[in-house]
Amino acid sequence: MTSISNKAAWVDEPQQPCVKYMPFPKRPYRLVLLGAPGVGKGTQADLLCQELLTCHLSTGEVFRAIKDSDREKTAAQNEALAYIKRGELVPDEIVIDMVRERSDCFVCEYGFILDGFPRTLPQAEALGTMLGEVDVALDAVITYELPKEVIVDRLSGRRMCSNCRTNFHVEYKPPLQDGVCDRCGSPLVQREDDRPESVVVRLEEYQESTEPLIQYYRKAGLLMQISAMGDPQSVFQKTMGMLERLPSVVGS
Ligand code: AMP
C-alpha cells in the first residue's frame, strides 16, 4: 500500500491539503493503467507507486470514500453510488466533474498513476483536455491483459479489508486468519460489485466502453501491453522493465 502522501486532496475532497513526506522521484512518471476489473491493476498501482514515488489516483477509491463518508451526499453522488452497486459505469459527466475538481493532482511534482480513469472515450478526451490545459503529457498507458475465466476466478474470490482496504483472495492470497485483515485486524468483506451478478455486468461494460481506449492510446503511441498472468511481483518486474526503457518526457 502506498504511503507517499495522504492523498486527501484526491480521495477526500480537493480542498484538503495533500501532505507528502518522501524525497522527490528521479523523474515524475505520469501513467494511466487500463485493464478489466480483476486483472490486478490496483495491486500493480500500489507496487508502482512505492517504486516510482508517484501518487495513486483511483476514481473507484474516491467513490468508495464517498460511500463510506458520514457527510451528506449530493444528488450526483447518490446517483453515482446507485450505478456502482449495479456494477455499471458512472455517467461520464459525473466522473469527469469529479476528476476536474481534483486536477491539481496532475501538476504534482511526484507524478501520478491514474487507475480506473479514463474508462470511456469521452473520459479519455476530457483527460487530454485537462492535461493540455496544464501542459502535462502522459508518459505511457499500460494495459494489463488476462483471459476472461481467470478474471472471473480472481474477482469472485477477492476480499477487501473493511478498514484499510487491503485486498486478499480466498485461495491465492488468503489472510493468516480467516476473514481478518493481516494489516489492521479488521473484518474482510466482499465488495458489492464483486458479487457474480455485478461481475458479469462489469466485464461487459469493460469490453464495450473501455477496450476502445486501447486502440485510442495505441494510435497516440502511448500503449504498453502487459500480460497479467503470474504473481504480482513478476508482473511488476515486467512493467518496471518496460518503464525503464521509456525516454524521458521533454521538460519533465
Ligand atoms: P474500480 O475500483 O476502479 O473497479 O471502480 C469501482 C466502480 O466505480 C466501477 O465499477 C464503476 O461503477 C465506478 N467507476 C470508477 N471509475 C469510473 C470511471 N472512470 N467511469 C465510470 N465509472 C467508474
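Applying the criterion of being closer than 20 Å to N167 by Cα and modelled with pLDDT under 80 to the residues of region 6-42, the residue that is surrounded by the most Cβ atoms within 10 Å (Cβ to Cβ) is K7. Looking only at residues of region 92-115 that are among the charged types (D, E, K, R) and touching a residue at least 60 places away in the same chain (Cβ under 8 Å), we find that the one that is nearest to the ligand (Cβ to nearest atom) is D115. Of all the listed residues (R71, R64, R119), the sole one being assigned to a loop (DSSP other than H, G, I, E, B) and within 22 Å of C164 (Cβ to Cβ) is R71. Would region 12-30 turn up any residue that is touching a residue at least 12 places away in the same chain (Cβ under 8 Å) and within 13 Å of the ligand (Cβ to nearest atom)? No - not one qualifying residue is present in region 12-30.
Of all the listed residues (E133, E145), the sole one being more than 30 Å from D68 (Cα to Cα) and touching a strand residue (DSSP E or B) at 6+ places or on another chain (Cβ under 6 Å) is E145. Of all residues in region 119-129, none satisfies the criterion of being in contact (Cβ under 8 Å) with a residue 12 or more places away in the chain, surrounded by fewer than 16 Cβ atoms within 10 Å (Cβ to Cβ) and either under 17 Å from S58 (Cβ atoms) or away from the ligand (no atom under 14 Å from the Cβ) (or both).
Of the residues L47, L89, L81, which single one is within 16 Å of the ligand (Cβ to nearest atom), outside any loop (DSSP other than H, G, I, E, B) and not β-branched (V, I, T)?
Numbers: L47 fails: within 16 Å of the ligand (Cβ to nearest atom); L89 fails: outside any loop (DSSP other than H, G, I, E, B).
Going through L47, L89, L81 in turn, just one is within 16 Å of the ligand (Cβ to nearest atom), outside any loop (DSSP other than H, G, I, E, B) and not β-branched (V, I, T): L81.
Going through (1) of a type in the set (G, A, S); (2) more than 8 Å from the ligand (Cβ to nearest atom); (3) within 21 Å of A228 (Cα to Cα) one by one, S58 falls short only on (2). Here V136 fulfils each of the conditions (1) without any contact (Cβ under 8 Å) to a residue 12 or more places away in the chain; (2) closer than 26 Å to R27 by Cα; (3) not in a helix (DSSP H, G or I) apart from (1).
The values are calculated or read from the model by the stated rules, or taken from the named source; none is laboratory data. In this text the structure is predicted, and so the values were computed from the model without any measurement. Positions of Cβ are backbone-derived with ideal geometry, glycine not excepted, and every protein chain shown enters the neighbour counts.
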